[in-house]
């Protein structure tokens, strides 16, 4: 009798272990389905890289610059950057109101533009891109213009986006069409992601997202982030959802990338901190009604490299000793790794990571790291 009891307990233990392993296996599986003609990639909470795909990342710092040199070459307030095919680095210096260009060794080459409203001048440059046509493309929020330069800094042309409010982010695709986001302020404010032709005339609306309805304000309102693949496909997502849509150049959704995740709860302490960031000590105006969401948004931002690898910075309270957590997806949309980068990724290009980091004295430096996947 005693022996059969022991065998019964052993069988139950084996069965429970089997069920646990099976449940873990199911949780880690990536599912790819076809739904209404769209390929949908369902990713689990934890990375599940295919066996033949490298999923462990190592980094090695190669370059750090911007703190020393001539008055013109020092970076006063670097904000955005991009890299050309030779490794030259083009940086928006917000305080200098210029584009500063450095070679692959961090040596200063030239400054482009200056503060003003004339051809090739800026007020508040916000984003920069080295276009597929090998031009420098700058979106200037202050003047609501997009400005083109040659790689050697010669002014090429500018286009006015004066009819659009908060036109602060734009990119050029391989067909010279322009993808940009702007805000429409009506009773119900919304952000629209629009594809324009090379003259900045609208071709199609890729996405339209409500963000506020006066007098109600959500301090974590949805924000559209987007990128372009080498083929001209548009990848976009709304920060409040862990979902990314891939749209072909004709405007048809061809793929969705979805990640399962546990939302981070928004505490009273989190609300107070966010309120001070937005309104300072005085708080919101009396005629505004603040409605806080239950959770933080799903992600903060992302960058995409030239191969289509996607690096997403999630909202997470997970603690790391130093650095920033990123979720990494391969070009198929499969969740292959969770990694810690030294700081926010400003660009990942040609096997290199570029960041803007503060040193002990509060100086903002540009750094480059070599990436190696194993």
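Throughout, read-outs are computed from the coordinates displayed, never taken from laboratory work. None of the values given here were measured: they were computed from a predicted structure. Cβ coordinates were reconstructed from backbone atoms using ideal geometry, including for glycine residues, and neighbour counts include every protein chain displayed.
Structure values in brief
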| read-out | value |
| --- | --- |
| Stretchable slack from residue 325 to residue 162, in nm (0.36 nm times residue separation minus alpha-carbon distance) | 54.9 nm |
| Packing-based order for 97-106, 263-272, 311-320, using average beta carbon neighbours within 10 Å, highest first | 97-106, 311-320, 263-272 |
| Model label zone, residue 205; criterion: amide N under 19 Å from point 7 Å along Cα-to-beta-carbon; scope segment 147-188 | 161-170, 178-188 |
| Nearest 10 degrees, 0 to 90: helix 2-28 Cα axis against the chain principal axis | 20 |
| In nm, spacing of pseudo-spin labels at residue 292 and residue 274 (7 Å Cα→C-beta vector) | 0.8 |
| Theoretical gain in end-to-end length, residue 42 to residue 60 [0.36 nm per residue, Cα-Cα removed] | 3.3 nm |
| Full-stretch length increase - residue 301, residue 252 - with 0.36 nm per residue and alpha-carbon distance subtracted | 15.3 nm |
| FRET efficiency, 1/(1 + (r/R0)^6) with R0 22 Å, evaluated for residue 359 and residue 72 via beta carbons | 0.60 |
| Ratio Rg/Rh, restricted to segment 166-219 and using Cα atoms, in which Rh is the Kirkwood radius | 1.07 |
| Computed label-point distance, nm, for sites residue 197 and residue 152 using a 7 Å Cα→Cβ extension | 3.1 |
| R0 of 22 Å, Cβ-Cβ distance residue 34-residue 243: FRET efficiency to nearest 0.05 | 0.85 |
| Order by protection proxy (mean Cβ within 10 Å, highest first), peptides 165-178, 281-294, 211-224, 357-370 | 165-178, 211-224, 357-370, 281-294 |
| Within segment 149-173: backbone nitrogen closer than 16 Å to the residue 186 label point (7 Å, Cα to C-beta) | 164-165 |
| Helix-only [θ]222 nm of the chain, DSSP H runs n ≥ 4, -39500 (n - 2.57) each, per residue, nearest 500 | -3500 deg cm²/dmol |
| Within segment 315-331, backbone nitrogen closer than 12 Å to the virtual label 7 Å beyond the Cα of residue 231 toward Cβ | 331 |
| Angle in degrees between helix 268-279 and the longest Cα principal axis of the chain, rounded to the nearest 10 | 10 |
| Of every Cα-Cα pair in the chain, the percent that sits beyond 35 Å | 32 |
| Enclosed volume per residue, in Å³, of the convex hull spanned by Cα atoms of segment 37-115 | 218 |
